[in-house]
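One structure is given below, encoded as structure tokens.
The values are calculated or read from the model by the stated rules, or taken from the named source; none is laboratory data. Nothing here was measured: the structure is a model prediction, and the numbers come from that model. With ideal geometry, Cβ positions are generated from the backbone for all residues, glycine too; neighbour counts draw on all protein chains shown. Just the protein is used for accessible areas: all its heavy atoms, side chains included, with ligands, DNA and RNA removed. Shrake-Rupley method; radii C 1.70, N 1.55, O 1.52, S 1.80 Å.
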Amino acid sequence: MSGVPQRTLLLWCPDWPVLAAEIVDGVPATDPVVVLHANRVVACSERARAEGIRRGLRRREAQGRCPQLTVVDHDPGRDARAFEPVVAAVEEVVAGVEVIRPGACATAARGPSRYLGGEEAAAERIVEHVAQSCAVESQVGIADGVFAAGLAAREGRIVAPGGTREFLAARPVEALGRPALADLLRRLGVRTLGDFAALPAGDVLARFGFDGALAHRLAGGRDDRPLAVRQPPADLTVTADYEEPVDRVDAAAFAARTLAELLHERLAGYGLACTRLGIEAVTAHGQELHRVWRHDGLLTAAAIADRVRWQLDGWLSGSNGRGGTRPARPTAGIVRLRLVPDGVLAQAGLQPGLWGETGEERERAHRALSRVQGILGPEAVVTAVLGGGRSPADQVRLVPWGDERVPARPGPPPLPPAPAASLVPGAGAAPGAASASVVVPPGDRAGRRAGRGRAVAEPPWPGRIPPPSPAVVLPTPLSADVRDAAGEPVVVSARLAVSAAPTWLTVGDGRPAEITGWAGPWPVDERWWAPAEARRRARFQVCLADGAALLLAVEGGQWLVEAIYD
């Protein structure tokens with residue numbers, strides 16, 4: 001990370017997904033239009049905002065506010081293709097443009113300001129040229145660092161050198177673009193970027209983790225990744241030559257995927273990952289094309305392939321700016337494609353194998369699974385990612401093969417088995433002992449009951465069942481009936497007192513099965529501070545006469561079978 005953020009000029013096109021839909025699909029941007037992703041509004045036109053529609057609204061609520069609403073699906077490829085003429089227009093004025101995302105691009109401000117007679121003159125010249133070439137409205141912001149320049153662009157403002165920290169101080173924490181972190185900061189009383197930047201950096205890292213530390217640097221006006229990065233060694237660049245010129249988008253997409261995998265494998269051999277990608281192409285007539293893509297994170301092989309495909313699609317389709325002249329598409333097909341990792345970072349997780357190779361077996365498996373995905377779809381091949389959570393269903397997340405393996409919840413190390421967790425035939429754990437084995441922070445109500453009068457540790461997931469983990473987690477819990485030796489229903493009180501030892505278990509409409517051993521209850525009192533989301537239940541482990549072992553839960557007086565032990 002650089003200690004002195006680079007002076008950055010950023011061009012931003014408001015409501016770009018809406019404008020891209022107009023440019024590519026002909027949807028009038030002057031009408032009430034929304035772009036949806038995952039059934040929520042990610043962008044809307046000016047007329048839609050006048051009807052009360054905002055980002056984050058669900059589709060039904062947005063249509064309720066404006067019945068005449070035009071709905072467009074989110075398409076990153078369409079946004080990138082439509083943005084290509086805008087980037088080309090900016091490059092006609094300045095050099096070294098980087099695409100932050102479709103709708104925003106940035107460059108170092110020093111060169112344009114010195115050549116065009118100052119930062120304000122450079123901003124006016126770029127905005128005017130984009131409007132004349134592409135008929136697209138845009139705004140330019142200049143500040144120290146990409147993050148501050150992006151906020152300044154939304155106001156069309158030039159922040160004086162050295163004044164970025166004061167410019168950011170009054171902004172709300174939502175400007176960080178991290179909703180979960182912003183919600184937590186507001187509940188802690190931190191409402192502005194200035195308040196957040198005033199916190200000690202060490203305390204922020206300890207409390208919010210690495211991502212929170214990066215956000216803390218941004219809030220203080222210290223860009224975590226400036227535009228100028230070191231040039232990687234020349235041998236990291238990958239090049240492909242084609243005997244037959246590539247002039248179709250489908251052929252270009254195939255070429256992009258093959259070359260992206262080759263680049264990713266080469267970087268992995270050096271323990272590196274790409275953060276900024278340069279795409280270069282040469283046509284059969286000698287025309288040279290070049291573009292740089294920037295990404296907030298590490299580019300995987302799939303992410304590299306997507307960006308190369310989007311860029312080639314933009315070049316070959318010759319998408320047009322709104323109302324402007326059609327940009328000159330290549331006069332011939334592409335005969336050479338070159339990928340340059342313009343920004344790299346060390347990635348410990350990408351080291352080679354024990355003997356120096358990247359792993360032929362893993363590569364064969366990757367190709368086979370990728371082929372299955374190509375035939376059946378990305379969701380046809382999934383892998384399990386272990387994470388945190390109190391129930392077995394919360395601790396496993398299925399992600400498509402090739403996607404980033406990030407757990408849905410941060411996973412702590414497994415809790416050690418509690419003495420009360422052993423299933424002893426004919427014996428049950430006393431409620432007090434069972435609840436005491438669940439270690440909970442003093443702030444949790446279940447923890448106050450379990451840990452009263454003794455020192456209690458503070459693991460991240462209070463109420464998590466002890467190991468071993470069940471072998472089968474049911475997608476939908478089965479209703480059950482638990483009764484004692486006298487045939488009366490077993491009831492768990494609010495103080496976790498079990499009315500009698502569980503003796504008989506009936507699952508659904510099946511026959512009663514004898515319970516020979518049981519342990520519990522393990523109480524869970526989740527989100528009790530939010531009545532609409534509160535959930536309170538207790539879990540039991542039971543062993544049946546036929547040797548089966550089950551995980552039961554009782555919630556609101558109803559018994560459920562959640563999982564099966566092997």
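Details
- Stokes-Einstein diffusion coefficient of segment 150-193, Kirkwood radius over Cα pairs, 20 °C, 1.002 mPa s, in µm²/s: 190 µm²/s
- For segment 120-278, the carbon plus sulfur part of the accessible surface works out to 54%, probe radius 1.4 Å.
- The convex hull of the Cα atoms of segment 1-125, projected and averaged over all directions, covers 9.5 nm².
- Segment 27-83 - percent of accessible surface contributed by carbon and sulfur, probe 1.4 Å: 43 percent
- Cα gyration tensor category, rounded, prolate or oblate, for segment 486-563 with a/c compared to 1.5: prolate
- Put simply, the amide H of V238, placed in the peptide plane, has neighbours under 5 Å in L339, leaving out anything fewer than 5 places away on its chain.
- Sites matching GluC sites (Glu not before Pro) across segment 519-559 that sit in DSSP coil, with at most 13 neighbouring C-beta atoms within 10 Å: E533
- Spacing of the modelled spin labels on E91 and A180, each 7 Å from Cα toward Cβ, amounts to 3.7 nm.
- With a simple spin-label model that places each label point 7 Å from the Cα along the Cα-to-Cβ direction, the separation between A201 and D73 comes to 4.5 nm.
- Cα gyration tensor shape for segment 56-183, rounded if a/c is under 1.5, else prolate or oblate: oblate
- In terms of its C-alpha gyration tensor, segment 18-76 has an oblate overall shape, because the principal axis ratio a/c (a ≥ b ≥ c, square roots of the eigenvalues) is not below 1.5 and a/b does not outweigh b/c.
- Solvent-accessible area per residue in segment 155-214 equals 57 Å², computed with a 1.4 angstrom probe and all protein chains kept.
- Applying a DSSP loop filter and a limit of 15 other Cβ atoms within 10 Å to the trypsin sites (Lys or Arg not before Pro) in segment 149-225 leaves R154, R191.
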